[in-house]
Amino acid sequence: MFPKGNLTKKYTQPSIKKRIEAFLIDNVGKVVTRQMIVEVSKDPITGKEPENWHQRLSELRTDDGYTILSKRDRAFLSVEDYVLESLNKRANAGKRVMPNQNTWSRILARANQCCEWNEGGTACGLRNGTIDQIGGGTVKLTPDHLQPHSVNPNADATDPNQWQALCGRHQVIKKNFWDSKSGKMNTIAIMQALPHKEKLVALEFLRQYFGTPQGKVGSF
Ligand SMILES: [Zn+2]
């Protein structure tokens with residue numbers, strides 16, 4: 001279990017991500033709530049609440065390499081509780097090359113300004129600048145390198161064929177569930193993201209697979 005964290009000061013760092021990071025560091029090893037993170041995310045001057053704080057939190061995990069626990073990781077946490085486990089960052093998280101401006105324009109033209117994520121033959125197709133009906137917020141396409149870093153460490157910033165345009169939701173899915181080092185699905189990350197009920201189904205599957213006798217589960 002973790003002690004409760006506190007929001008006792010004002011964070012004035014210029015970016016949302018930096019403010020959330022500073023707040024989490026002040027509360028390392030403690031439970032902070034969604035409400036506190038939203039408060040910290042607000043523009044320190046205008047007080048405007050950003051719609052994309054959740055994505056910034058995601059980036060602290062995926063790009064900066066922080067381990068930030070939620071109910072997905074620890075069943076005893078409440079929904080909308082978060083814990084920065086320690087100040088250690090995973091090495092080589094999110095070292096990214098980006099296509100140059102001209103290449104990015106060509107990628108967007110090829111993509112017809114729509115997200116190119118394709119799942120079982122169905123393209124996402126969310127259009128840049130429109131509203132994401134599922135994820136909420138305005139669709140902002142960003143470049144994603146098609147090949148894992150380990151397979152192709154020399155990403156070419158000038159070759160549109162090495163990149164795809166993805167919406168924010170699919171960037172998160174790709175970053176969270178795709179291990180760019182091995183080029184394989186990250187099964188642990190997928191299990192972490194499962195709702196509690198489906199985790200129990202997975203647990204039961206593993207129990208049967210390994211022939212482990214049934215014990216007491218689901219007591220959370
Ligand atoms: Zn998409």
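Among the criteria (1) within 15 Å of the ligand (Cβ to nearest atom); (2) open to solvent by 50 Å² or more (accessible area, probe 1.4 Å), the one Arg106 does not fulfil is (1). State whether one or more residues within the range 65-76 are under 17 Å from Tyr11 (Cα atoms), surrounded by 14 or more Cβ atoms within 10 Å (Cβ to Cβ) and touching a helix residue (DSSP H, G or I) at 6+ places or on another chain (Cβ under 8 Å). For the range 65-76, residues under 17 Å from Tyr11 (Cα atoms), surrounded by 14 or more Cβ atoms within 10 Å (Cβ to Cβ) and touching a helix residue (DSSP H, G or I) at 6+ places or on another chain (Cβ under 8 Å): absent.
Within the range 163-172, at least one residue is more than 14 Å from the ligand (Cβ to nearest atom), modelled with pLDDT of 85 or more and open to solvent by less than 80 Å² (accessible area, probe 1.4 Å). Among the residues of the range 178-201, is there at least one that is over 26 Å from Phe76 (Cα atoms), at pLDDT 90 or above and either crowded, with 17+ Cβ neighbours inside 10 Å or within 14 Å of the ligand (Cβ to nearest atom) (or both)? Looking through the range 178-201, none of the residues is over 26 Å from Phe76 (Cα atoms), at pLDDT 90 or above and either crowded, with 17+ Cβ neighbours inside 10 Å or within 14 Å of the ligand (Cβ to nearest atom) (or both). Screening Ser78 against (1) over 23 Å from Ala165 (Cβ atoms); (2) within 14 Å of the ligand (Cβ to nearest atom); (3) among the polar types (S, T, N, Q) leaves a single unmet condition, (2).
Within the range 2-55, being loosely packed, with under 11 Cβ neighbours inside 10 Å, part of a loop (DSSP other than H, G, I, E, B) and under 22 Å from the mean Cα position of the chain (by Cα) holds for Pro14, Ser15.
The values are calculated or read from the model by the stated rules, or taken from the named source; none is laboratory data. Only a predicted model underlies this, so the values are computations on that prediction, with no experimental measurement involved. All Cβ positions, glycine included, derive from the backbone under ideal geometry; neighbour counts span all protein chains shown. Ligands, DNA and RNA are stripped out before the accessible areas are found, and what is left, the full protein with its side chains, is counted by its heavy atoms. Shrake-Rupley method; radii C 1.70, N 1.55, O 1.52, S 1.80 Å.
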